[in-house]
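The values are calculated or read from the model by the stated rules, or taken from the named source; none is laboratory data. Note that this is a predicted model, so its numbers are computed, not measured. Note that each Cβ is placed from the backbone with ideal geometry, even for glycine, and that neighbours are counted across all protein chains shown. The area values use the complete protein model at the heavy-atom level, side chains included, leaving out ligands, DNA and RNA. Shrake-Rupley method; radii C 1.70, N 1.55, O 1.52, S 1.80 Å.
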Amino acid sequence: MIFILTNKDGYRFYGNSLPCGKESFKDPCIGLLTAEQALADYAVLLTQLKKDFGAQNVPVIAFGGSYGGILSAYMRFKYPNVIDGAIAASAPLLSVVGAAPGTYFWEDITNDCAMAHPECVPKTRAAFLEMEMMYQMGSKGLQQLSAIFKLCNPLKNKADFKHLQGWTRNAFANVAMFNYPYPANNLPANPIQYMCKLIINSSIVELNLKGLAAAAGLYYNATSGNSRTCFDIYSDFVECADPTGCGVGSDSLAWDFQACTEFVMPPGSDGVSDMFPVLPFTLAMRTEYCQQRWNVTPRDNWTRINYWGPDIESSSNIVFSNGDLDPWHRGGFNSSLSSTLIAVKIEGGAHHLDLRSKNAADPQSVIKARKVEVANIQKWIKQTRHLKGKEPRVDDIYVLKALKEILEDL
């Protein structure tokens, strides 16, 4: 029995896996960065490992969350001869092929904030409006904004101000994904509620804005693990082809390239369906950016064709899990498509909560989701052995026993 965890840290161009060293993100090397190549890497590795260890008939289950969840499902789609089942947690498979509701991401963060406190959304809208009004004051307003947000480098122009807006919005995007019921990632339990408290504990105009600055600071302090004296918004947040954020460091370059060449990302915020400033990012804007940054033109239909888009009914043995607090959840499959393509809803769950360690604060919904996942893994192992006409190996029996104990412990 083999489990394979599909994530970005485990394949080419991410983490320390840089095929061409310092030249990895330049032509011609960058052209080797595709999900297709990554999947083939896994397939070749697994096939060779099974041969080396005489384990040709051993079942293989793929796991992954977020982009890793996408890869897990893709592995089952493309290599059913290698992967016998997949757990695809918080995998926005519909979103990346442009088949999800266009404005869902920022809308759902807004909804999370509304559920956290009824005053959170209007207060946040007001704070962003105050930012705009202060910017309109010219150099004096930029100085005030720089002081309120504790910026290391003062704002100088419109570009800096727009970046500050994006930096602030990015804090909400990440905290919404990490909105777990217990402390994690250097954030407090239920961090969206915490952000909202920082924002609503004010009544006068300037303090609304200070509350918003404190809310953004909550996230960026967490990324460094300590309370900072100032924030460098250009180091903390890098604008890219993914309005929801590419992260920082070399991994951000890799994801930026893939957002240009393979995956459709949610558009920017519109200030109408969501509580954020108007920061658009249309497909036309994406094309222009990608041509200038990487000298590539997005092929928006290719991923949909290559990885089936919404038409996946011919596949099998996949569990799709999504938490209703996760801003990505409407970008994935939220309804079961067959008895072997199963969707699990995790009420009160954020980004791939089910793949995290068990915690006393776990909602019952994630406990039930894990039971569904474990039960299906058990079924896939037995099914694979039966189809290959082989008796369960000793290690399979051990895994099945361990899975049974996990079920009893959940």
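Contact annotation: residue pairs with Cβ atoms under 6 Å, 6 or more positions apart or on different chains, pairing a residue in region 1-26 that is in a loop (DSSP other than H, G, I, E, B) with a partner that is modelled with pLDDT under 60, are Met1/Asp395; Met1/Asp396; Met1/Val399; Tyr14/Lys8; Gly15/Asp9. Report every pair of residues separated by at least 6 positions or lying on different chains whose Cβ atoms are under 8 Å apart, first residue within region 105-121 and under 12 Å from Trp328 (Cβ atoms), second β-branched (Val, Ile, Thr) and not in a helix (DSSP H, G or I). Sorted first by the residue in region 105-121, then by its partner, the pairs are Phe105/Thr244. Here region 134-152 is the region considered, the condition is being out of contact with any helix residue (DSSP H, G or I) (no Cβ under 8 Å at 6 or more places or on another chain) and either among the hydrophobic types (A, V, I, L, M, F, W, C) or closer than 24 Å to Arg228 by Cα (or both), and the residue that is surrounded by the most Cβ atoms within 10 Å (Cβ to Cβ) is Ser146. Looking only at region 247-263, count how many residues are part of a loop (DSSP other than H, G, I, E, B) and either in the same structural domain as Pro28 (by the TED database) or at pLDDT 95 or above (or both). Residues meeting the conditions: 2.
Among the residues of region 53-89, those that are in a loop (DSSP other than H, G, I, E, B), under 18 Å from Thr340 (Cα atoms) and either outside the structural domain of Ile318 (by the TED database) or out of contact with any Pro (no Cβ under 6 Å at 6 or more places or on another chain) (or both) comprise Pro59, Tyr79, Pro80, Asn81, Val82, Ile83. Scanning region 274-330 for residues that are charged (D, E, K, R) and over 30 Å from Tyr180 (Cα atoms) turns up Arg286, Glu288, Arg293, Arg299, Asp300, Arg304, Asp311, Glu313.
The set of residues in region 312-334 that are among the charged types (D, E, K, R) and surrounded by fewer than 18 Cβ atoms within 10 Å (Cβ to Cβ) contains only Glu313.
When region 183-204 is filtered for residues that are closer than 16 Å to Thr223 by Cβ, open to solvent by less than 50 Å² (accessible area, probe 1.4 Å) and assigned to a loop (DSSP other than H, G, I, E, B), only Pro188 remains.
Please enumerate the residues belonging to region 285-311 that are open to solvent by 80 Å² or more (accessible area, probe 1.4 Å), in a helix (DSSP H, G or I) and in contact (Cβ under 8 Å) with a residue 12 or more places away in the chain. Those that are open to solvent by 80 Å² or more (accessible area, probe 1.4 Å), in a helix (DSSP H, G or I) and in contact (Cβ under 8 Å) with a residue 12 or more places away in the chain: Arg293, Trp302, Arg304.
May I ask you to verify whether Gly31 is at positive phi, free of Cβ contacts under 8 Å to residues at least 40 places away in the same chain and open to solvent by less than 60 Å² (accessible area, probe 1.4 Å)? It is false that Gly31 is at positive phi, free of Cβ contacts under 8 Å to residues at least 40 places away in the same chain and open to solvent by less than 60 Å² (accessible area, probe 1.4 Å).
Every condition in (1) farther than 24 Å from Ile87 by Cα; (2) surrounded by 15 or more Cβ atoms within 10 Å (Cβ to Cβ) holds for Asn16 except the one numbered (2). Checked against (1) of a type outside the set (Asp, Glu); (2) open to solvent by 40 Å² or more (accessible area, probe 1.4 Å); (3) within 20 Å of His386 (Cα to Cα), Ala55 passes all but condition (2). Kindly establish whether Phe161 is closer than 28 Å to Thr282 by Cβ, surrounded by fewer than 22 Cβ atoms within 10 Å (Cβ to Cβ), aromatic (Phe, Trp, Tyr) and assigned by the TED database to the domain that holds Ala213. Yes; evaluated as a whole, the condition is true for this residue.
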